[in-house]
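Notes to accompany the following structure.
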Amino acid sequence: MKLREIAHSRTGDKGNTSNISVIAYDAKHFPLLKEQVTAARVRAHFAGVVEGEVVRYELSNIAALNFVMSNTLGGGVTRSLALDAHGKSLSSALLDLEIETPEDSR
Amino acid sequence: MRTIRIGSGAGYSGDRIEPAVELAEKGGIDYLVFECLGERTVALAQQARMRNPDTGYDPLLEERMRAVLPLCAAKGIRIVTNMGAANPEAAAKKTAEIARSLGLSRLKVAAVIGDDVLDACKSHDLPIMEFEGSIKQLGNKLLSANAYLGAGPMAEALRGGADVVITGRASDPALFLAPMIHAFGWAMDDWNLLGQGTVAGHLLECAGQITGGYFADPPYKDIADLARLGFPIGEVGEDGSLVVTKVPGSGGVVTAQTCKEQLLYEVHDPTRYFQPDVVADFSQVSVEEIAPDRVRVSGGRGTKRTGTLKVSVGYVDSFIGEGQISYAGPGALTRGRLALDIVRERLKLTGVAASELRFDLIGVDSLHGRQVSAHANEPYEVRVRVTGRTENLREAVRIGNEVETLYTNGPAGGGGAWKSARDVVAVASVLLPRELAKPRVQFVEG
C-alpha cells in the first residue's frame, strides 16, 4: 500500500533546506514508519531533487518522523529557478512511497 | 490560574483580512498578532525605503489597521505585529494617523527599532552561513541586514501601555511570546516556560495553517468550509499550558492532526529550535483533543539561549528570465518536449549568457523533476517553462523571448506564451554576537 494510507505529511522550508514530516494517523503504525521510511529510502525517492543529505528525527509522543533534506531547494527559496521554490508540493510525493504491510497491521 | 487568549490574525504579508476581523469581533481575545514578514520581504522593503524614506513598511498595513482598530480599541484588544518591516517607526506613525482619522486618538502606538544591524555586520565582516564568503564580499550588492529580535522589547512596549506594538524583523514565535511574558511576568531565563511559550507561538504564527489550511487532501483529510477558514486562538495559562482553538462557527478545524503538522512545520532538529530568547525543545510535545476544535498541547521545554542572533542578509543575487507556452491535445507531450529542445539549442546558438538554466514541462515534471515523475500518465495539455539565471536584465529578457518566438518558430499549436525578467533579491544568514544589536522601544504620539 501507499504511505498515504497510514500517514499524513507537511513540507516546510528554510533557505536551501526542506523538511517533511510524516505523521501516523494511528500510533500503531509508527513502528512500520520507523522501520520502512528510512532516511536512505527518502533520499532515493527524491532522486534528482535532494542534492544533500537526509537526516531523520523521531518524535514518538506524536508518532511522527521529521526528514530534514539539505541542498534541496534550488540554491534557496529566495533565488531558486523552480516553479515551486518552497518545495511545498514535496510532501505529496513522499506519500506515494510504497509500504509493505503485514495483514494484521492494516 | 490566569489565562490569556491570543488570536493569530495573519500568517504572511498577503493573508486574508476577514478572519482577523472575525477574531476581534467574536474571538474573546486579549491580543491580536499579525505575522506578515517573510524571509526576503524585509530586504525588498529596505529597497522601497531607500526610494522613499516614509515607506518600507507592509503595504497592507493601512488596510489591516482600518479593518481591526475600531474593534480592538472598543474591546481593549492589543495588537502585536511585524508589519513595520524595514521601517517600524513610519509604520507606527501611519498607524497613529489612521487611529486619529478613526476617532481613536487615545490609542498608544509603539515601534520597536534596532533590528537593522547593517553597520554592525559590515564592521565585523561576519561569515555567511549558506555559502563560502563574508559580508564584505557581497560588496555593493548588500542591501540589508536585520536581526531576529526576541520578545523582550515587545514585552517592554506592552508594559509601557502600548495598544499597538509594531516591530521590524523579530522571530515569529516571539510576537506571541511577548504578550505571555508581559501578562504573566515570566522570567527571561525560565527556559522551560519560554520553550513552551515558543511552542504556542510556533503553532499560531502561520494562522490558517493550524485550522485546516495547507492540510486538506480529500478523501483522506477532508476539511469543512475552507472558504470561510477561521484563524486560530491560543489560550495560554501562566504555567505555559496551551489550548489551541478557533472562533465557533468559523470554517476549518483544529484537530490533533492539524496541530502535529504545524508543530513540525519548518523545524529541523526538534530538540533544538533556535530562538532569540531560548533554544526550544519540541521533542516531548504531546497533543490531546479535549473537545471539538480544542486541542491541548503540552510538553514544550527549553534550554539556555545562545550568545548570537540570527541575521537575515538581503543582497542582489542575480537576474531571472522566464518564458512559458502551452500545447494540448494528441501529441501535446511530444510537442512540449520538442519545444524545450528547440529553446535549449537556440539559447546556445544565440549565446545567451546564463549561469543556470532549467527546462520544465508544467503538468509533467516541473515540481519534482523527471526522475520522481517518471511513471506519471500522459496529460492532455502541457506547459513549457524555461527559466535561467543571468548577470543582467538584458540577458534575462532574451530567455523569455526565445520561448515566445516558439509561436511562429516552434511546434504546432503553441498558445498562451508568457514571459518575464526580474532581478533577484536573495537572503542569506549570519550570526551576530547578541550584544551588538541594540533594540529600543519608541512611542509615537497618537
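The values are calculated or read from the model by the stated rules, or taken from the named source; none is laboratory data. Keep in mind that this is a model prediction, so the values were computed, not measured. Neighbour counts run over all protein chains shown; Cβ positions are idealised from the backbone, glycine included.
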Worksheet item: Which one is nearest to the other protein chains (Cβ to nearest Cβ), of the residues in segment B:271-282 that are part of a loop (DSSP other than H, G, I, E, B) and under 20 Å from the mean Cα position of the chain (by Cα)?
Response: B:Gln275
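Given the criteria in contact with a helix residue (DSSP H, G or I) (Cβ under 7 Å, 6 or more places away or on another chain), without any contact (Cβ under 8 Å) to a residue 60 or more places away in the chain, closer than 30 Å to B:Trp186 by Cβ and crowded, with 21+ Cβ neighbours inside 10 Å, does B:Val278 qualify?
no
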Fill in: Selection within segment B:199-233 - buried (at least 24 other Cβ atoms within 10 Å of the Cβ) and of a type in the set (Ser, Thr, Tyr)
B:Thr211
Worksheet item: On the given criteria, is B:Met65 out of contact with any strand residue (DSSP E or B) (no Cβ under 6 Å at 6 or more places or on another chain), buried (at least 23 other Cβ atoms within 10 Å of the Cβ) and farther than 25 Å from B:Pro276 by Cβ?
Response: yes
Practice prompt. Scan segment B:184-209 for residues that are farther than 15 Å from B:Thr271 by Cα and either in contact with a Lys or Arg (Cβ under 7 Å, 6 or more places away or on another chain) or not assigned by TED's automatic domain parsing to the domain that holds B:Gly38 (or both) and report the count.
Written response: 1
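Among the residues of segment B:373-393, write down those that are crowded, with 20+ Cβ neighbours inside 10 Å and either more than 18 Å from B:Ala421 (Cα to Cα) or of a type outside the set (Lys, Arg) (or both). Reasoning before the result, please.
The first filter runs over segment B:373-393 and keeps only residues crowded, with 20+ Cβ neighbours inside 10 Å, leaving B:382-390.
Those that are crowded, with 20+ Cβ neighbours inside 10 Å and either more than 18 Å from B:Ala421 (Cα to Cα) or of a type outside the set (Lys, Arg) (or both): B:Val382, B:Arg383, B:Val384, B:Val386, B:Thr387, B:Gly388, B:Thr390.
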Worksheet item: In the set B:Val42, B:Val33, which member is in a strand (DSSP E or B), touching a residue at least 60 places away in the same chain (Cβ under 8 Å) and surrounded by 22 or more Cβ atoms within 10 Å (Cβ to Cβ)?
Response: B:Val33
Response to the item:
Within segment B:116-175, the residues that are in the same structural domain as B:Glu89 (by TED's automatic domain parsing), over 24 Å from the mean Cα position of the chain (by Cα) and buried (at least 22 other Cβ atoms within 10 Å of the Cβ) are B:Ala162
Discussion item. Tell me whether segment B:407-421 contains one or more residues that are out of contact with any Asp or Glu (no Cβ under 6 Å at 6 or more places or on another chain), closer than 18 Å to A:Ala82 by Cα, more than 14 Å from chain A (Cβ to nearest Cβ) and surrounded by 14 or more Cβ atoms within 10 Å (Cβ to Cβ).
Written reply: no
Worksheet item: Of all residues in segment B:283-297 being in a loop (DSSP other than H, G, I, E, B) and within 21 Å of A:Asn66 (Cα to Cα), which is farthest from the chain's Cα centre (by Cα)?
Response: B:Gln284
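Take B:Glu97 and tell me if it is surrounded by fewer than 20 Cβ atoms within 10 Å (Cβ to Cβ) and within 25 Å of B:Ser144 (Cα to Cα). Show your work before the answer.
Values: surrounded by fewer than 20 Cβ atoms within 10 Å (Cβ to Cβ): yes; within 25 Å of B:Ser144 (Cα to Cα): no.
For B:Glu97, the condition - surrounded by fewer than 20 Cβ atoms within 10 Å (Cβ to Cβ) and within 25 Å of B:Ser144 (Cα to Cα) - is not met.
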Item to complete: Look at A:Thr101 and say whether it is in contact (Cβ under 8 Å) with a residue 12 or more places away in the chain, more than 10 Å from every other protein chain (Cβ to nearest Cβ), part of a loop (DSSP other than H, G, I, E, B) and more than 25 Å from B:Ala428 (Cβ to Cβ).
Response: yes
Worksheet item: Do we have any residue at all in segment A:67-74 that's of a type in the set (A, V, I, L, M), within 20 Å of B:Arg272 (Cβ to Cβ) and in contact with a Gly (Cβ under 7 Å, 6 or more places away or on another chain)?
Response: yes
Practice prompt. Restricting attention to segment A:67-96, report how many residues are under 12 Å from the mean Cα position of the chain (by Cα), among the hydroxyl-bearing types (Ser, Thr, Tyr) and more than 7 Å from every other protein chain (Cβ to nearest Cβ).
Written response: 2
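Residue-wise test of (1) more than 9 Å from every other protein chain (Cβ to nearest Cβ); (2) not hydroxyl-bearing (Ser, Thr, Tyr).
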position: B:Ala354; (1), (2): yes, yes
position: B:Leu357; (1), (2): no, yes
position: B:Asp365; (1), (2): yes, yes
position: B:Arg370; (1), (2): no, yes
position: B:Ser373; (1), (2): no, no
position: B:Tyr380; (1), (2): yes, no
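Show me the strands (runs of 3 or more DSSP E) found entirely inside segment A:1-86 where at least 1 residues are free of Cβ contacts under 8 Å to residues at least 40 places away in the same chain.
Because the criterion is at least 1 residues that are free of Cβ contacts under 8 Å to residues at least 40 places away in the same chain, the strands (runs of 3 or more DSSP E) in segment A:1-86 that meet it are A:7-14, A:54-59.
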Fill in: Residue in segment B:312-335 that is within 14 Å of another protein chain (Cβ to nearest Cβ), under 21 Å from the mean Cα position of the chain (by Cα) and among the acidic types (Asp, Glu) present
yes
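Could you please give the count of residues in segment B:395-428 that are of a type in the set (Gly, Ala, Ser) and modelled with pLDDT under 95?
Going through segment B:395-428 one residue at a time, the tally reaches 2.
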